[in-house]
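Below: the structure, in structure tokens.
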Amino acid sequence: MAVQQGGFKPGGFSKPGGFNKGGFKGRFAPRKEAEHRINNFIRVPEVRLVGDNVEVGIYSLQDALRMANEQQLDLVEISPTVTPPVCKIIDYNKFLYDKKRKEKEMKAKSKVSEVKEIRFTPNTDDHDFDFKAKHAENFLKDGNKVKAYVQFKGRSIQFQDRGQLLLLKFAERLAEIGVLESMPKLEGRRMLAMFAPKSTKKK
């Protein structure tokens, strides 16, 4: 079947960002400006076709357009800087949708870590210590840092050694999943210790 010169009709775009009859509709329609050269907007004499639905090789633009037309799909230029340009025969609407979805998933995975605070007093009992240690373990497992501190009020400032021992005990408790970034230090009426998630490198 010959491709009409006025446009690429079955399954293709008539202009950049046009609608593909075989593609997604409504909110999945591509943007007004196409991200790639497609169909009759590819202006080279020949292209290199790749993909699962073709025999990989160099084809004239006319033959490549005919093959895309027969499959009611689009000829999409994916590597324009090489000679000849690399093209694929695909559903361009679906291609853009999948690309956007993958970008969204990658953005969600690259979550910025937060600093979670755990507060103690010099007289924190064992039950409260265990409760807060479990919270800290969950924070570290989620990839967040933990800032643990002992708050001194009034005369309790004289028990700085208790605060230091408590934070070192806390570090020992978290040793399997967290790293103590620096020794406990006093800042004002707080003794602080910062913990970072222990990296889990695959062997």
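The values are calculated or read from the model by the stated rules, or taken from the named source; none is laboratory data. Values in this document were obtained by computation on a predicted structure and should not be read as measured data. All Cβ positions, even for glycine, are placed from backbone atoms using ideal geometry, and neighbour counts span all protein chains on display.
A quick yes/no check of all residues on (1) under 17 Å from Ala136 (Cα atoms); (2) under 35 Å from the mean Cα position of the chain (by Cα); (3) crowded, with 17+ Cβ neighbours inside 10 Å:
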position	(1), (2), (3)
Arg162	no, no, yes
Leu166	yes, no, yes
Gly178	yes, yes, yes
Glu181	yes, yes, no
Lys185	no, no, no
Ala193	yes, yes, yes
Lys198	yes, yes, no
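Among the strands (runs of 3 or more DSSP E) confined to segment 54-122, the ones with at least 1 residues that are within 30 Å of Lys141 (Cβ to Cβ), assigned by TED's automatic domain parsing to the domain that holds Gly143 and more than 32 Å from the chain's Cα centre (by Cα) are located at 115-120. I'd like to check something: does segment 149-156 contain any residue that is free of Cβ contacts under 8 Å to residues at least 12 places away in the same chain and of a type outside the set (A, V, I, L, M, F, W, C)? Yes: one or more hits. Lys132 fulfils the conditions (1) of a type outside the set (Asp, Glu); (2) crowded, with 16+ Cβ neighbours inside 10 Å; (3) part of a loop (DSSP other than H, G, I, E, B) except for a single criterion, (3). Considering Ala171, Ala175, the condition of being in the same structural domain as Asp125 (by TED's automatic domain parsing), within 18 Å of Phe129 (Cα to Cα) and assigned to a loop (DSSP other than H, G, I, E, B) is satisfied by Ala175 alone. Note on segment 31-87: among residues that are within 18 Å of Asp98 (Cβ to Cβ), surrounded by 14 or more Cβ atoms within 10 Å (Cβ to Cβ) and among the acidic types (Asp, Glu), the one that is modelled with the lowest pLDDT is Glu35.
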